[in-house]
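Visitor: The structure follows.
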Amino acid sequence: MNFSDLNIENKLKKSIELADFKVPTPIQSQSIPISLEGKDVLGTAQTGTGKTLAFTIPMINKLLKDKQAMALIICPTRELATQVMETVLKLNVREIGIGNALLIGGESMQKQLRQLNKRARIIVGTPGRINDHIERKSLNLSKVNYLVLDETDRMLDMGFTPQIELILKFVPNKHQTLLFSATLPENILKISQKYLNNPERVSVGSLSTPIEKIKQETFQITPDKKYHELINQLVERSGSILVFVKTKHGADKIVKRLKYDGHKADAIHGNLRQSKRDRVIRGFRNGNSRILVATDVAARGLDIPVIKHVINYDLPQVPEDYIHRIGRTGRAGKDGSALTFLTNNDRNMWRSIQKLIDPDFKVKEEAKTNNQKGKKFNKKNKFKKKFSNNKLSKKKKFKKFENKNKRKFKNRKRPKNFRFKKNKRK
């Protein structure tokens, strides 16, 4: 199936051609025809498989047909919302000309108000900023009939559930909902039962395994040698590299050292203003900086095709984030590589990640531990035998010594003038 085969408006077909979108990915070919019929969709697929276009095409087609309708796309992070809007703008060419607004934190409220005043019918934003505009009464959602919850699992992990529920109170009951997620935990299923109306289930690939084209490697190391090994890896590898660290402070510290050592590097984390984040990502895309050091803020929603390598300098806090991290490379069918530094402190988290990727890992691990326990038990027995033999030998020696002393005291005679002195009470 090609995009030209879809039952969509001619204007939209032309804009898809101009944007150079040719062959749909599996998630797109499965979900777009269902969405065009007006049905709710519960879609799950690995990161980097083209979920954004899967809900953008049916959305624009719907808004072209109904000139009064509105669409709302809710994303967990500013980066993801910005990238979704970029995809919207690729399709929303002058001939289509649907008003839009990007509502995210860290950007000017006045700029967003100007966008909303120009009859914006496509709203893309994060839960916090969307709620801010609802409270200010600058955003009216009474005409929304197309709702998208993108990266829903991430939004729930970030604690956005109350804010999403507040937003949905202002959305009419009759609307089409598309829920997309990279993973499908129980809380997602509960939300889908609450807000989706007989959804069509669309699933592509395994949710807990990374894309096959990503070559995964691990490197056992001590914490004090991590940075030196990072330098070695940067020298050996060619192309753009994304380095994941645990903290914002750690990201800034590593970038400072890398720049001192003559590498072009930049950091991205939650403390940066949106304008600075955009500038950093733009510079990385254009090749101004070869290395991007990031916290998990970039684990999802960062769609930069130029990323050839991902290095996990620190392991993530949540096992699922490992899959999203390495999913930043190997996008759109390209090859990629992922290297993970492992210290002794990372054992438990790495075991959890392996269990997530390979369900049989638990069985293998149990078999190993049982064998190890058996060996340890035998060693303990040997130790006990040795210990008990030592004990016996010590006891025997002590008895011999005791007997000798007894004999000495038995043969000993008291002197003739010996008397026991009695203590007289005064």
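Visitor: Could you calculate the contour length gain from Lys65 to Arg273, that is, 0.36 nm times the residue separation minus the distance between their Cα atoms, to one decimal place in nm?
Guide: Working it through step by step, the gained length comes to 71.1 nm.
Visitor: Among Met155, Met85, Asn100, whose Cα lies farthest out toward the positive end of the dipole of region 69-228, if unit charges sit on the beta carbon of Lys, Arg (+1) and Asp, Glu (-1)?
Guide: The residue sitting farthest along the positive end of the dipole is Asn100.
Visitor: May I ask you to sort Met155, Met349 by Cβ crowding, counting other Cβ atoms within 10 Å and putting the fewest first?
Guide: Met349, Met155
Visitor: Neighbouring Cβ atoms within 10 Å as the yardstick, rank Arg136, Arg129, Arg328, Arg257 fewest first.
Guide: Arg136, Arg257, Arg129, Arg328
Visitor: Follow-up question, since we're still on this one. Which ³J(HN,Hα) values in Hz, rounded to whole numbers, follow from the phi angles of region 168-180 under the Karplus curve 6.51 cos²θ - 1.76 cosθ + 1.60, where θ = phi - 60° and Gly and Pro get x?
Guide: 5, 5, 8, 8, x, 4, 8, 7, 9, 10, 10, 10, 10
Visitor: To continue, here is another question. Sort Ser275, Ser35, Ser142, Ser352 so the one with the fewest other Cβ atoms within 10 Å of its own Cβ comes first.
Guide: Ser142, Ser275, Ser352, Ser35
Visitor: Now for a separate question. Among Ile323, Gly250, Ile268, flag the residue with its Cα farthest along the positive direction of the charge dipole of region 214-364, charges on Cβ as +1 for Lys/Arg and -1 for Asp/Glu.
Guide: Positive-end residue among those listed: Ile268.
Visitor: Follow-up question, since we're still on this one. Full extension from Val318 to Glu236: what is 0.36 nm times the residue separation minus their Cα-Cα distance, to one decimal in nm?
Guide: Gain on extension, Val318 to Glu236, equals 26.6 nm.
Visitor: Follow-up question, since we're still on this one. Compute the FRET efficiency between Tyr227 and Asn348 as 1/(1 + (r/R0)^6), taking r as their Cβ-Cβ distance and R0 = 25 Å, and round to the nearest 0.05.
Guide: With R0 = 25 Å, the Cβ-Cβ based efficiency is 0.60.
Visitor: Quick check: pseudo-label points 7 Å beyond the Cα along Cα→Cβ at Leu166 and Asp20, how many nm apart are they?
Guide: Between Leu166 and Asp20, the simple spin-label model gives 4.2 nm.
Visitor: Then there is this: Say R0 is 22 Å: what FRET efficiency, to the nearest 0.05, do Arg201 and Met158 get from their beta-carbon distance?
Guide: Calculated value: 0.35.
Visitor: For Asn117 and Tyr260, compute 0.36 nm times the residue count separating them, minus their Cα-Cα distance, and round to one decimal in nm.
Guide: 46.8 nm
Taken together, the values in this text are just the output of simple stated rules run on the coordinates, not laboratory data. Quantities reported herein were computed from a predicted structural model and do not represent experimental measurements. A quick note on method: Cβ atoms are made from the backbone with ideal geometry, for glycine too, and the neighbour counts reach across all protein chains shown.
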